[in-house]
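These notes are about the structure you will find just below.
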Amino acid sequence: MALVLLHCRENNKAHNTDEISVDRLIVRRGKPFLLTLQMKTADMSALDKLEFTVQTGLQASEALRTKAMFRISPAGLANNLWNASIQEKTVSSVTLSVSSPAEACIGEYSLRIKTASSFTCDNKFILLFNPWCSDDSVYMLQDSDRQEYVMSEHGLLYMGSSDYILPKTWTFGQFEQDIVDICLKLMDRNLKCLRNKEEDYSARSSPIYVSRVLCAMINAQDDGGVIVGNWDDDFSDGTVPTSWNNSVEILRKWARNYNSVKYGQCWVFAAVLCTVLRCVGIPTRVVTNFQSAHDTDGNLVIDQYRAESGRVLENDSVWNFHVWVEAWMRRPDLSGDFYDGWQVVDPTPQETSNGLYCCGPAPVKAVLEGHVDVKYDVPFVFAEVNADIVNWKILSNGSKIMLNSDTCEVGQNISTKMVGMDKRSDITASYKYTEGTEKERQVYKEAVKRGTKPLSNTPNSPPGSRNLQLKLVEVSKSINGKDINLSLVLNNSNQASKKLQIHLLAQVMLYNGVPGAIIWTEDPETLLLSSKEMSIPIQIAYPRYATLLGRNIIRVNAIVTDLDNNGISYHTEKDIVPENPKLTITTKGMAYPGSEMTAEVVFENPVSMVLTDCKVTVSGSGLLVDVQETNLPSIKPNTRIRVLVPFVPYKAGARQLVANFNCNLFTDINTSITVDVKPAHIATRV
């Protein structure tokens, strides 16, 4: 029997997969890889009789392109078929270059070679998408982009609010050795594969199909996928979503017994999908949309209702932020190449798409131009970034009065990590034209025309003469653990004085736009003189919101009624995200693979209350194999704690060590440090 040498280390390095493993063959489609056959002399004299068979999946067939049989071809023969050519030959061995088509199905393959006298045993290898190959539909031109969107194992997610954007360090870890197997298992367990394995394996040539399947498998809504979503603030039987900062831990937990992991919210779903898509070779980035609308009836209008007191009622929701991913690919299923490039893929289970909880791939260019008749799920994404808002006041008799409309509020500061830098890149202009311009309104009307719902007849402004301006202003930056101080600024542009009835209300809002507890109210009356401005101070004491925040925000609402002008009402609101205390992390020791190092995490309790249920987690791809957790029963007021975590780096390169702190009052306090791990051969010289 002939012996096959797969040259795993050399091939994997050439195919940019050596970060996954150098002990098994993992290659990218459209690029040759080398193998050496050691054979009997008789077989060496009959190389033209060599017959190669590669196949993936069950009941593989040439008709479905999941199986190929081929012989040695002349070197340099260019075609889009599986082929092999001779590179080097000795008396007892031959080294061959084997090439796969740039549109081959991805997955685990078996390779068998028939010689003149025998067969080789099956040799397993994994084939991935290839962003380095110009013929591959995920090809990306700039190497700096490939390094960021395929090779980088850590990154930044953006959260908070449009006025206070918070970065969160995340470990994607797509090149941890077992993650590629978990990704393949995810595809094998998707509902389409369970219904028709042969068609599913054949469709894995398309990143459109693969991204859609994996998107559905990240959430557990209808297929036993990876993560269970929970927006109820009761996480007692699972993990609080804000505690996660590492995709690897979540994917490994799912893979142990294929039970869905509790719990996740939008940024967790998106970050895990980013890991999976980068692992299989699709360039991917995580994107945050602030003031993200959820249009439940598809009319591109978000109706928001408030009681006369200002209390927010249940309605179409506007999330203070929502996170999805963009995946880079061509769209040959659509006309021409206009829609090629970034595609929105959103694994958070909000609405179904063709019967499954997934969203996309939706071309970002289609969203920009209002082409909502383009697949997949463009109307939903367009509404998330460009729906109009109408605010209504519900009177005690059940009738409603329009307070105002807003065409600019939805879709702000759309953010992703900058290429090669730990900075935020604002990509709003790729989703929508500048708010307030004629072009933006033209696109909105184009979307309505192409959509399935008629244009709303909502007036652009409420009736009546409106000569009162109001706004809410933070007196100083709000700090979690301190009282919050604001001012309601009123400006009367009329020549007559105004008697005003004011309803002030502060309410916790879940980050997905669902109203929570009311924490403060006040209902003053005042007389505002003609052509004058006045400020009304607002103070929200810390104990009122101490146990309610998490990833939520405080929304301060003001409804002002002009009692001298037919009861005309005015409305303004402001979202407050108090700044969390700081967490620091440092390291000690020489950073080489196999060397012993120590991380020190420091946190100080800044409030006059005892913190309970405290947990520090430390993780880092290439630095710690498993997430390290330290539980602390309590931290007294104004007390500083230090947590020491020993670790041994196992991969060279710039690595991110990430620390998280959570307790009963503070959640998701996050920090990180770059550890530059020098190669082992340098360590031997020191």
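Scaled against 2.2 N^0.38 Å for its residue count N, the alpha carbon radius of gyration of the chain is 1.10. Listed by chain and number, the lysines whose alpha-carbon sits under 22 Å from that of residue 197, ignoring those within fewer than 8 places in the same chain, are 67, 124, 185.
The value for the range 290-402 of Rg(Cα) / (2.2 N^0.38 Å) is 1.25. Which one, 131, 170, 117, projects farthest toward the positive side of the charge dipole computed for the range 45-184 from Cβ point charges (K/R +1, D/E -1)? Towards the positive end, the residue furthest out is 117.
Per residue, the chain exposes 40 Å² of solvent-accessible protein surface, assessed with a 1.4 angstrom probe and all protein chains in place. Between the residues 592, 350, 554, the greatest Cα displacement towards the positive end of the dipole of the chain, with unit charges on the Cβ of Lys, Arg, Asp and Glu, is found for 592. For the range 29-99, which trypsin sites (Lys or Arg not before Pro) are both in a DSSP coil and crowded by at most 15 other Cβ atoms within 10 Å? The qualifying sites are 40, 71. Computed from label points 7 Å out along Cα-Cβ, the spacing between residue 425 and residue 473 is 3.7 nm. Accessible surface of the chain, 1.4 Å probe: 49 percent of it comes from carbon and sulfur atoms.
Ordering 390, 609, 329 by the projection of their Cα atoms onto the charge dipole of the chain, which places +1 on the Cβ of Lys and Arg and -1 on the Cβ of Asp and Glu, puts 329 at the extreme positive end.
Estimated from helices alone, the mean residue ellipticity of the chain at 222 nm is -4500 deg cm²/dmol (sum of -39500 (n - 2.57) over DSSP H runs with n ≥ 4, per residue). What FRET efficiency comes out for the pair residue 401/residue 91, r = Cβ-Cβ distance, R0 = 56 Å, nearest 0.05? E(calc), rounded to 0.05, equals 0.05.
Between residue 352 and residue 46, the FRET efficiency from the beta-carbon distance, with R0 = 60 Å, is close to 0.55. The distance linking the range 101-179 with the range 295-321 is 40 Å (Cα centroid to Cα centroid, whole angstrom). Placing +1 on each Lys and Arg Cβ and -1 on each Asp and Glu Cβ, with no other charges, gives the range 468-576 a dipole about its Cα centre of roughly 300 debye. Taking 0.36 nm per residue of separation and subtracting the current Cα-Cα distance, fully stretching the chain between residue 638 and residue 18 would add 218.4 nm.
Post the alpha-carbon centroid distance, the range 1-17 to the range 30-94, in whole angstrom. Centre-to-centre distance over Cα atoms comes out at 14 Å. Placing a pseudo-label 7 Å from each Cα along the Cα-to-Cβ vector at residue 546 and residue 596 gives an inter-label distance of 4.2 nm.
Placing +1 on the Cβ of every Lys and Arg and -1 on the Cβ of every Asp and Glu, with no other charges, gives the chain a dipole of roughly 1240 debye about its Cα centre. Counting only lysines at least 8 places from residue 482 when in the same chain, those with an alpha carbon closer than 26 Å to its own are 168, 471, 574, 582, 615, 636. Using only side-chain charges placed at the Cβ, +1 for Lys and Arg and -1 for Asp and Glu, the dipole size of the range 583-677 relative to its Cα centre rounds to 140 debye. Hydrodynamic analysis of the range 468-576 uses the Kirkwood radius over alpha carbon pairs. Inserted into Stokes-Einstein at 20 °C and 1.002 mPa s, it gives a translational diffusion coefficient of 146 µm²/s.
The values are calculated or read from the model by the stated rules, or taken from the named source; none is laboratory data. Here the structure is a predicted model, which means the values were calculated and not measured. Ideal geometry is used to build each Cβ from the backbone, glycine not excepted, and the neighbour counts take in all protein chains shown. Just so you know, the surface numbers come from the protein's heavy atoms only, side chains and all, with ligands and any DNA or RNA stripped out. Shrake-Rupley method; radii C 1.70, N 1.55, O 1.52, S 1.80 Å.
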